[in-house]
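The values are calculated or read from the model by the stated rules, or taken from the named source; none is laboratory data. As the structure is a prediction and not an experimental result, all values here were calculated from the model. Cβ coordinates were reconstructed from backbone atoms using ideal geometry, including for glycine residues, and neighbour counts include every protein chain displayed. All accessible areas refer to the heavy atoms of the entire protein, side chains included, with ligands and DNA or RNA removed. Shrake-Rupley method; radii C 1.70, N 1.55, O 1.52, S 1.80 Å.
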Protein chains: 2
Amino acid sequence: MAEATIRDVASRAQVSVASVSRVLNGFEKVSQQTRERVAAAVAELGYVPHAAARSLSMARTHSIGVVLPDLHGEFFSEIVRGMDRVASERGYLLLLASLHVGSPLGTSALRALRGRVDGAMVMAPHLGEEELAATLPPGVPIVLLNTRGQEGRHPTISLDNAAGASAVAEHLLALGRKRVIHIAGPLGNADAQERAQAFAARLTQCEGVTLETVEGDFSEQSGEAAVATLLHSNQPFDAVFAANDNMAIGALQALRQAGRQVPEAVAVAGFDDIPMARHLGLTTVRVGIAELGEHSLSELLDTIEGRGAPPASTLHPVELVVRTTTGQP
Amino acid sequence: MAEATIRDVASRAQVSVASVSRVLNGFEKVSQQTRERVAAAVAELGYVPHAAARSLSMARTHSIGVVLPDLHGEFFSEIVRGMDRVASERGYLLLLASLHVGSPLGTSALRALRGRVDGAMVMAPHLGEEELAATLPPGVPIVLLNTRGQEGRHPTISLDNAAGASAVAEHLLALGRKRVIHIAGPLGNADAQERAQAFAARLTQCEGVTLETVEGDFSEQSGEAAVATLLHSNQPFDAVFAANDNMAIGALQALRQAGRQVPEAVAVAGFDDIPMARHLGLTTVRVGIAELGEHSLSELLDTIEGRGAPPASTLHPVELVVRTTTGQP
DNA sequence: ACGCAACGTGTAACCGGTTACATGTCTCAA
DNA sequence: TTGAGACATGTAACCGGTTACACGTTGCGT
């Protein structure tokens, strides 16, 4: 037995398909009798409207594409949680499309969004300007997250990486640290670059403070490896700032394994404030990831629903959170 | 300028829409010339096929609905990560629909899946049998996760909760613990029930061992509150088994705050093995959450694509992981 | 030279909804 | 009595793809 269609419902209720559609969509001008007959037929047949058909004729899907890079753990779940809150509140579903770094299939998935979503949130801090412009689907409203180079074309929401990184620098200087290590994110990543740059800018203003930057890939493992290498080379250092919490956590493990006291011998700070940071007492930069997701999706839905165009580009504020890895043990 | 349609491409390439469709879908019997003209027209117009239209005529969406309860943090991201791996590998997108506990809108979201997805993964351990049967959309292939009462109707994949809980019981007994607390999950939750039941079954076989069970709601906070209450009432205990890691982590915090030594004074164990458990040294039951997601989605895709029907019901194995909260400090 | 098959292509129906417009009925004022 | 207007309802076109079927060419064997 195939699924019931609106015509089945119409013939069963002895009315036209137009009337059925009107009843289902809460249209005003329908008689009480028609309304009841349709309701009865719908219940008897267990009828559910077919979303694809509706989308086609209404040019509306009530879905939003969420395009994210391979995200590590908690950042991912937090941002999706925030988006899900506003999506379900406003009657949308989220279509997840992860953009596997370096995979050509990933970018084609982006184009496949046409006719599937009413708009998309795209986070692609690792893509270059031209590369990105080429893969964005035409005709779909888009809000970009932490993605550089499209500010003129699409509304863009970014973290205030510079403010966060300089706050950390300030904090480490106030603690009197002199030999500082920065574990940066991947080279092509815009967030990573901004953090590294602002951090370096603040530190090099000070006499007698050295900074060395090494590259990681945002994974815990890469943070651990970076610190292990440094320890192995016998280079002295008394502070580590990792470009995200995952790498900071890796760094903590390497230090603990080597028996270095945190924060006495080495102060450690991260970026993001993922939930785990609180448990480990990690000093970090609080981003409010879920709020970032909420805020950006709200903005996208507003433009889709025509409630005024959003500003071209906004900065999401961040805040330094001092915990035990730089304070009291 | 509106979006180009297949008819625009056809007229530009001076062929019929059928030919365009054949070229785009890699159909064999097309002349070289036609192929080239279509390719040129597609490129010039920046044409991208409209997914809703294609879905409607093919009765195929290449999307999978993922229906999850309000999940706490890492469990959520892990299971989605696993599903995303197989989805993107096999050319599907994931449509996220979170089932907010107690929200009537949530269940309607489930019906809205018709025409939007080719199948759905549903995880609803908090729903009763009839309630569930009423909200499941008809005519959509479904695999259930950790959800009881539909085994005859839909393939169901569940965790081996009993094995995990009795392994923990065994372990605590081997350590010589005598006064045991179990922080259970919510009453209506099937996983929670199975864990509590198996745990109790093993412990009550032993003379001289007492067990008290208190109820939590799977949140970290509820675990913390439960232990705080127990400490406050001066009731003695030397072991806590929480029905998930989140609550176990809350319990650890309450114990630390009260100055109780873990594991000397109180041994603590959880369930799930979320990534944070490793960092905190938490003894727990490893579930392989991402693998669970991979495995269940593969099974769903197999049935959708007709590669043999899956068994009615399978158990996902689990494994005890002993760390410092029950072993050496 | 003829018939037939294989092949490439085009026409139009179809998927399941929405909705502009036409139609029929009823009420009420002139 | 008649005509206008309000209202409920039905008919059919449309959204943008896919595909069954019909059609015209070409090449082959006899």
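Which Cα, out of B:Leu95, B:Thr324, B:Thr283, lies furthest along the positive dipole direction of chain B (beta carbon charges, K/R +1, D/E -1)?
Farthest along the dipole direction, towards plus: B:Leu95.
Which shape class applies to segment A:161-287: rounded if a/c is under 1.5, otherwise prolate when a/b exceeds b/c and oblate if not, where a ≥ b ≥ c are the square roots of the Cα gyration tensor eigenvalues? Numbers along the way, then the final one.
Working: a/c = 1.27, a/b = 1.06, b/c = 1.20.
In terms of gyration-tensor shape, rounded.
Do any GluC sites (Glu not before Pro) in segment A:1-101 lie in a DSSP loop with no more than 13 other beta carbon atoms within 10 Å, and if so, which?
A:Glu28
Quick one: grab the alpha carbon gyration tensor of segment A:190-232, order the square roots of its eigenvalues as a ≥ b ≥ c, and give me rounded if a/c is under 1.5, else prolate or oblate depending on whether a/b is larger than b/c.
Numbers: a/c = 4.34, a/b = 1.38, b/c = 3.16.
In terms of gyration-tensor shape, oblate.
Which ³J(HN,Hα) values, rounded to whole Hz and listed in residue order, are derived for segment B:277-290 from phi using the Karplus coefficients 6.51, -1.76 and 1.60 in 6.51 cos²θ - 1.76 cosθ + 1.60 with θ = phi - 60°, glycine and proline given as x?
So the J values, rounded to whole Hz, are 4, 4, 5, 8, x, 7, 5, 7, 10, 7, 9, x, 4, 4.
Enumerate the calculated ³J(HN,Hα) couplings along segment A:6-22 in order (Karplus 6.51 cos²θ - 1.76 cosθ + 1.60, θ = phi - 60°), each rounded to whole Hz, writing x wherever the residue is Gly or Pro.
Along segment A:6-22, the couplings run 5, 6, 4, 4, 4, 5, 5, 8, 6, 9, 8, 4, 4, 5, 4, 4, 5 Hz.
Would you kindly work out, in nm and rounded to one decimal, the distances from the label point of B:Asp302 to those of the same position in each other copy, ordered shortest first, with label points 7 Å along Cα-to-Cβ?
Listed shortest first, these distances are 4.9 nm.
For segment B:230-329, state which GluC sites (Glu not before Pro) are in a DSSP loop and have at most 12 other beta carbons lying within 10 Å of their beta carbon.
B:Glu264, B:Glu305
Give the percent of DSSP beta bridges with both residues in chain B that are antiparallel, rounded to the nearest 5.
Working: 3 of 39 bridges.
Roughly 10 percent of the DSSP beta bridges within chain B come out antiparallel.
What residues qualify as long-range amide H neighbours of B:Leu99, i.e. H under 5 Å apart, gap of 5 or more or another chain, H built at 1.01 Å from N?
B:Leu68, B:Asp70
Please report, in debye to the nearest 20, how large the charge dipole of the protein assembly as shown is about its Cα centre when each Lys and Arg carries +1 at its beta carbon and each Asp and Glu carries -1 there.
Working: 54 positive and 72 negative charges, 316 e Å.
Rounded to the nearest 20 debye, it is 1520 debye.
Can you list the HN-Hα couplings for segment B:125-130, worked out from phi with the Karplus curve (6.51, -1.76, 1.60; θ = phi - 60°), rounded to whole Hz and with x for Gly and Pro?
x, 9, 9, x, 4, 6
Using helices alone, I'd like the mean residue ellipticity at 222 nm for the protein assembly as shown: each DSSP H run of four-plus residues gives -39500 (n - 2.57), total over residue count, nearest 500. Kindly include the intermediate steps, with their values, before the conclusion.
Numbers: 26 runs with 292 residues, N = 658.
Only helices count here, giving -13500 deg cm²/dmol.
Choose one answer from A:Thr34, A:Thr210, A:Thr147: the residue with the largest mean-square fluctuation in a GNM of chain A with alpha-carbon springs under 10 Å.
Per the Cα network of chain A with a 10 Å cutoff, A:Thr34 tops the list.
Skipping prolines and chain starts, which residues have an amide H placed within reach, meaning under 5 Å, of the one on B:Gly119, given they are 5 or more residues away or on another chain?
Result for B:Gly119 returns B:Gly65.
Take every DSSP beta bridge with both residues inside the protein assembly as shown and express the antiparallel ones as a percent of the total, to the nearest 5.
Values: 9 of 81 bridges.
So the antiparallel bridges in the protein assembly as shown amount to around 10 percent.
For B:Val268, list long-range residues whose amide hydrogen, built 1.01 Å from N in the peptide plane, is under 5 Å from its own amide hydrogen.
B:Val240, B:Thr326
Considering only A:Ala59, A:Ala190, A:Ala277, give the residue with the highest GNM mean-square fluctuation for chain A, with springs between Cα atoms whenever their separation is below 10 Å.
In the Gaussian network model the winner is A:Ala59.
Across chain B, where is the longest run that never hits trypsin sites (Lys or Arg not before Pro) in a DSSP loop with at most 11 other C-beta atoms within 10 Å? Each step should come with its number before you reach the end.
On the way: sites that count: B:Lys29, B:Arg307.
Here the longest segment lacking exposed loop sites spans B:30-306.
Pick out which of A:Pro236, A:Pro125, A:Pro141 has the largest mean-square fluctuation in a Gaussian network model of chain A, springs linking Cα atoms closer than 10 Å.
A:Pro236
Contour minus end-to-end for A:Glu291 and A:Glu170, with contour as 0.36 nm per residue of separation and end-to-end as the Cα-Cα distance? Show your work: numbers first, answer last.
Values: separation 121, 0.36 × 121 = 43.56 nm, distance 2.57 nm.
Stretched out fully, the A:Glu291 to A:Glu170 stretch lengthens by 41.0 nm.
What is the pair-distance distribution P(r) of chain A, computed from all Cα-Cα distances in 20 Å bins starting at 0, with each bin given as a whole percent?
28, 43, 20, 8, 0
If you keep only loop residues by DSSP, which GluC sites (Glu not before Pro) in segment A:140-240 have at most 13 other Cβ atoms within 10 Å of their Cβ? Present the calculation step by step, with values, prior to reporting the outcome.
Working: sites: A:Glu151, A:Glu170, A:Glu194, A:Glu207, A:Glu212, A:Glu215, A:Glu220, A:Glu224; in loops: A:Glu151, A:Glu207.
Sites meeting the loop and neighbour criteria: A:Glu151, A:Glu207.
Taking a label point 7 Å from Cα toward Cβ, how far is B:Ala258 from its twins in the other copies, in nm, shortest first?
Copy-to-copy label distances for B:Ala258: 3.9 nm.
Probe radius 1.4 Å, ligands and nucleic acids left out: can you give me the accessible area buried at the B-A interface, summed over both chains, in Å² to the nearest hundred?
4000
Could you give the Stokes-Einstein D for segment B:129-190 in µm² per second, using the C-alpha Kirkwood radius, 25 °C, 0.890 mPa s? Write out the running numbers ahead of the final one.
Values: Rh = 14.5 Å.
Approximately 169 µm²/s, per Stokes-Einstein.
Counting Lys and Arg as +1 and Asp and Glu as -1, each charge on the Cβ, what is the dipole of chain A about the Cα centre in debye, to the nearest 20? Write out the running numbers ahead of the final one.
On the way: 27 positive and 36 negative charges, 200 e Å.
That gives a dipole near 960 debye.
Could you let me know the centre-to-centre spacing of segment A:1-67 and segment A:141-188, using Cα atoms, in angstrom?
Taking the Cα centre of each part, segment A:1-67 and segment A:141-188 sit 50 Å apart.
Give the cross-link partners of B:Lys178 among the aspartates and glutamates, using a straight C-alpha distance below 16 Å as the criterion and excluding same-chain residues fewer than 8 apart.
Filter leaves B:Glu170, B:Glu207, B:Glu212, B:Asp238, B:Glu264.
Taking each label point as 7 Å beyond Cα in the direction of the beta carbon, state the distances from A:Glu170 to the same residue in the other copies, shortest first, in nm.
In nanometres, ordered from closest: 5.7.
Take A:Glu215, project a point 7 Å from its Cα along the Cβ direction, then tell me which residues of segment A:235-273 have their backbone nitrogen under 19 Å from it.
A:241-244, A:247-248
Identify, for chain A, the residue whose C-beta comes nearest the rotation axis onto chain B, and round that distance to whole Å.
Spelled out as residue then distance in Å, it is A:Ser77, 2.
Is there a quick way to get the dipole size of segment B:161-287? I mean about its Cα centre, with the Cβ of Lys and Arg at +1 and of Asp and Glu at -1; what is the value in debye to the nearest 20? Each step should come with its number before you reach the end.
Working: 9 positive and 14 negative charges, 67 e Å.
Charge dipole, segment B:161-287, about its Cα centre: 320 debye, nearest 20.
Toward the positive end of the charge dipole of the protein assembly as shown, about the Cα centre and with charges on Cβ (Lys, Arg +1; Asp, Glu -1), which of A:Gly128, B:Ala196, A:Asn244 goes farthest?
Going by the charge dipole, the pick is A:Gly128.
Heavy atoms only, probe 1.4 Å: what % of the accessible area of chain B goes to carbon and sulfur, would you let me know?
Details: 7400 of 14090 Å².
Exposed carbon and sulfur together represent 53 percent of the surface.
Quick one, can you get me the convex hull of the C-alpha atoms of the protein assembly as shown expressed as volume per residue in Å³? All intermediate terms of the calculation are to be shown ahead of the outcome.
Working: hull volume 125.7 nm³, N = 658.
Convex hull volume per residue, Cα atoms: 191 Å³.
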